[in-house]
Amino acid sequence: MISKKINNLYVHLLITLNHISVVIIFLTAVWIFGDVIGRYFFNQPIPGTTELIKTAIIAIVFLGFPYALYKKAHIRTTVLTHRLSPEYNKWLEIISSIIGITIFSLVCIYGWKAAVKAWAVNEFEGVQLRVPTYPSRFIMVLGSFLLVVQYLINLVKILSTKIVKVNKGDN
């Protein structure tokens, strides 16, 4: 019962962060459109566009990617995996989960240190528009942490499933 509630809260968090990511995508598109119109029709781009778009891209990726991993909606090349047995595919999933856990754990650890430092020294980026760097750094840490959690969930599911062998003559 408790684990089901925690799972529901976790999934709701992923969906909410994904929706925020989608809103940021929309706002970024509107901002870029305005910048292009200003640049080409009025010879006056919107100041600070580069700095805001850098921050937006980090938010888009790290808020949306955990949900994509949860839904298994990431891009996958199936040229090899369709030709491999279910047992080999299971091993590939295990290896990719372990690699994901390792990489995003490191991003989480070192990203946390950088985010705290950026917050402590009040770090900003940009010339035309000074944008604080710590929000995007904390977003990267949050997204990386959720990716680690989702990779762990996927790994547990993979390890708990049995492989059903199909004989070539059984169709």
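The values are calculated or read from the model by the stated rules, or taken from the named source; none is laboratory data. It should be emphasised that the depicted structure is a prediction, and the values quoted were computed from it without experimental measurement. Neighbour counts are summed over all protein chains in view; Cβ atoms, including those assigned to glycine, are modelled from backbone coordinates with ideal geometry.
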Quick one: would you say residue 69 is under 30 Å from residue 128 (Cα atoms), part of a helix (DSSP H, G or I) and either hydrophobic (A, V, I, L, M, F, W, C) or in contact (Cβ under 8 Å) with a residue 40 or more places away in the chain (or both)?
no
Residue 115 in contact (Cβ under 8 Å) with a residue 40 or more places away in the chain and buried (at least 17 other Cβ atoms within 10 Å of the Cβ):
no
Take residue 78 and decide whether it is exposed (fewer than 13 other Cβ atoms within 10 Å of the Cβ), polar (S, T, N, Q) and not in a helix (DSSP H, G or I).
yes
Test set (1) closer than 29 Å to residue 52 by Cα; (2) out of contact with any Ser or Thr (no Cβ under 6 Å at 6 or more places or on another chain); (3) surrounded by 11 or more Cβ atoms within 10 Å (Cβ to Cβ) - residue 125 fails condition number:
(2)
Assess whether residue 154 counts as being surrounded by 14 or more Cβ atoms within 10 Å (Cβ to Cβ) and either outside any helix (DSSP H, G or I) or among the polar types (S, T, N, Q) (or both).
yes
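Residue by residue, here is whether (1) under 26 Å from residue 14 (Cβ atoms); (2) touching a Ser or Thr at 6+ places or on another chain (Cβ under 6 Å); (3) among the β-branched types (Val, Ile, Thr); (4) modelled with pLDDT of 90 or more holds:
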position	(1), (2), (3), (4)
67	yes, no, no, yes
102	yes, no, yes, yes
117	no, no, no, yes
135	yes, no, no, yes
138	yes, no, no, yes
143	yes, no, no, yes
How many residues, within region 14-53, are part of a helix (DSSP H, G or I), touching a residue at least 60 places away in the same chain (Cβ under 8 Å) and either exposed (fewer than 15 other Cβ atoms within 10 Å of the Cβ) or at positive phi (or both)?
0
Show the residue pairs that are 6+ apart or on different chains and have beta-carbon atoms under 8 Å apart, the first residue being within region 74-94 and under 18 Å from residue 161 (Cα atoms) and modelled with pLDDT of 80 or more, the second being small (Gly, Ala, Ser) and not in a helix (DSSP H, G or I).
none
Among the residues of region 107-145 satisfying the criterion of being touching a Leu at 6+ places or on another chain (Cβ under 7 Å) and in a helix (DSSP H, G or I), which is nearest to residue 63 (Cα to Cα)?
143
If we keep only residues of region 1-48 that are closer than 30 Å to residue 148 by Cβ and among the aromatic types (Phe, Trp, Tyr), then the residue modelled with the lowest pLDDT is 10
Within the bounds of region 84-103, is there any residue that is within 30 Å of residue 134 (Cα to Cα), of a type in the set (Asp, Glu) and part of a helix (DSSP H, G or I)?
no
